[in-house]
1. Just want to confirm a number: the relative contact order over segment 425-522, from Cα pairs under 8 angstrom separated by 6+ residues, in percent.
2. Note down, for segment 333-486, the three equivalent ellipsoid semi-axes (square root of 5 times each alpha carbon gyration tensor eigenvalue), biggest first, whole angstrom.
3. Can you list residues whose amide H is under 5 Å from Val296's amide H, if they're 5+ apart or on another chain and H is modeled 1.01 Å from N?
4. Using just the alpha carbons, could you tell me how many Å³ per residue the convex hull of the chain encloses?
5. Count of lysine pairs in the chain with Cα atoms under 25 Å apart, counting only pairs 8 or more residues apart in sequence or on different chains?
6. Summing -39500 (n - 2.57) over the DSSP H runs of n ≥ 4 in the chain and dividing by its residue number, what mean residue ellipticity at 222 nm do you reach, to the nearest 500 deg cm²/dmol?
7. In what sequence, highest mean first, do 278-286, 220-228 appear when ranked by Cβ atoms within 10 angstrom?
Amino acid sequence: MLGVCIWPTPRRLDKVEAIRQPVRTREGAKVQLSVATVLQESAARHPDRIAVVDGDLRITYRDLWQDVLQLAGRLRADGVRAGDRVALLLPNTADFPRVYYAVLAAGATAVPVHGLLLADEVAYVLRHSGCRAVVAAGKPAAVAEAAAADAGVRLLPVDRGGPALDGPEPCDPEDTAVVLYTSGTTGRPKGALLTHANLVRNATVCAQDLFTLTPDDVVLGCLPLFHSFGQSCAMNAALSAGASLVLTARFTGPDALALMAREAVTVFMGVPTMYHALAEASAQGGPRPAGLRLAVSGGAALPVALLERFEDAFDTVILEGYGLTETSPAATFNRPAERRTGTVGRPIPGVEAAVADPKIEDRVVTLADGERGEIVLRGHNVFAGYLDDPRATADALVDGWFRTGDLGVKDPDGFLTIVDRKKDLIIRGGFNVYPREVEETLARHPDIAQVSVVGLPDQVRGEEICAAVVLRPGTQLHPDELIEWARGRLGRHKYPRIVRVFNSLPLGPSGKVLKRELREACA
């Protein structure tokens with residue numbers, strides 16, 4: 001049960017292995033904990049409330065928990081044992097939380113798989129993670145079948161037949177609950193090991209301290225549940241609070257607005273591209289959800305111009321946060337009473353954030369407030385390492401800190417501003433150019449709907465700045481006009497000399513712009 005845990009406060013650690021400390025009671029005995037108890041406890045407190053809405057389907061907490069126990073029993077009957085890894089290839093339907101919590105209730109480790117991967121990419125994840133089985137349904141089932149055959153792994157349906165388990169398998173808080181694979185932008189994806197303690201604490205902090213969720217809230221679950229943002233901040237947090245989670249397998253601005261109005265959504269969580277889509281749909285006359293009390297943005301930097309546009313249209317506030325797969329994911333957040341627009345807030349309870357010298361990689365040398373450097377984090381949210389990759393783990397976990405690879409600045413009050421990804425930094429003629437700063441400026445042009453900035457190879461200056469833009473409907477803008485407009489608003493080394501106009505930007509499943517693909521398209 002959650003209430004018996006004594007959570008350690010963060011402290012300075014000198015060794016990587018010291019990050020993972022067993023959670024113990026005051027008497028010294030180990031505590032048992034499972035992410036499955038997030039749902040179990042809400043089912044005990046709110047059995048008749050609606051837990052999940054999936055189209056016309058409405059599932060109470062009592063029924064969802066019973067489904068989970070039956071599925072867990074079926075997994076046991078199919079040979080899944082405590083400590084085994086089970087992959088999930090499922091769309092954003094009620095089957096995802098059913099299977100996710102069933103795997104965890106059975107004492108196994110869940111391996112949610114990216115829903116847009118090809119069969120050979122899925123097969124790599126199955127082999128690398130050593131999965132005993134993969135559970136699939138809906139559109140991804142065909143890909144799962146091919147991948148399972150390739151990897152020699154059993155393919156299981158979502159089958160609730162047979163006896164149910166009496167309750168979740170007890171787990172040590174430091175046992176691995178979920179393996180989440182990173183996007184693989186620098187090579188093969190890596191499996192991040194997230195513990196039961198990581199995920200339970202993150203869901204609890206999100207629900208109680210950051211979003212102040214209650215059983216009366218209705219959360220729109222449009223973020224992909226195989227992604228850490230949708231899985232932990234939306235699903236786990238909503239269900240831990242006894243709130244209702246409204247699922248949608250496909251996101252479009254008009255459809256989302258209609259769904260939010262129909263289901264009386266009170267909390268929306270999304271990435272910047274989703275906020276853009278909602279703002280555009282609202283401008284075209286879409287319904288405005290009357291009860292929307294909170295919007296949460298993460299996954300990528302939110303342009304201030306878009307934030308202002310959305311808040312004006314929907315008469316609500318956007319609270320921006322920051323996190324990574326390796327941090328469960330929430331790490332910093334803007335709280336309502338102390339929001340600072342343009343920042344990602346301050347560290348969440350139990351987490352520390354600092355800015356370190358990015359040029360020194362074998363140790364963490366923190367910088368003074370106001371200096372730009374690499375963001376480093378430590379606390380209860382930091383993962384246990386990468387699966388079977390000690391070198392990558394040692395590179396990421398240094399002196400007790402997790403090196404994020406993101407560049408930022410921390411002010412004297414502890415508010416963090418994201419400057420950019422370290423690998424996205426553009427060096428033009430020896431000068432550092434941060435794409436986000438350029439994007440923030442270009443986003444204020446009245447004809448621009450979306451913008452992303454990348455560096456392209458240049459024989460003279462090393463790199464040249466390229467702006468990829470999507471125009472607002474009904475507008476026309478020549479690239480030379482935008483270059484001239486930007487020239488008057490950015491330093492000589494910062495404004496883009498190259499502008500490419502696209503109908504849309506390449507996006508990943510979580511709504512992030514895929515800059516590697518964008519560079520190729522712009523070249």
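Read-outs throughout are calculated quantities, based only on the coordinates presented, and are distinct from any laboratory measurement. Note that this is a predicted model, so its numbers are computed, not measured. Glycine gets a Cβ as well: all are built from the backbone with ideal geometry, and neighbour counts include every protein chain shown.
1. 26 percent
2. Listed largest to smallest, the semi-axes of segment 333-486 are 33, 21, 14 Å.
3. Phe268, Met269, Gly270, Leu319
4. 149 Å³
5. So the count works out to 29.
6. -7500 deg cm²/dmol
7. So the order, starting with the most tightly packed, is 220-228, 278-286.
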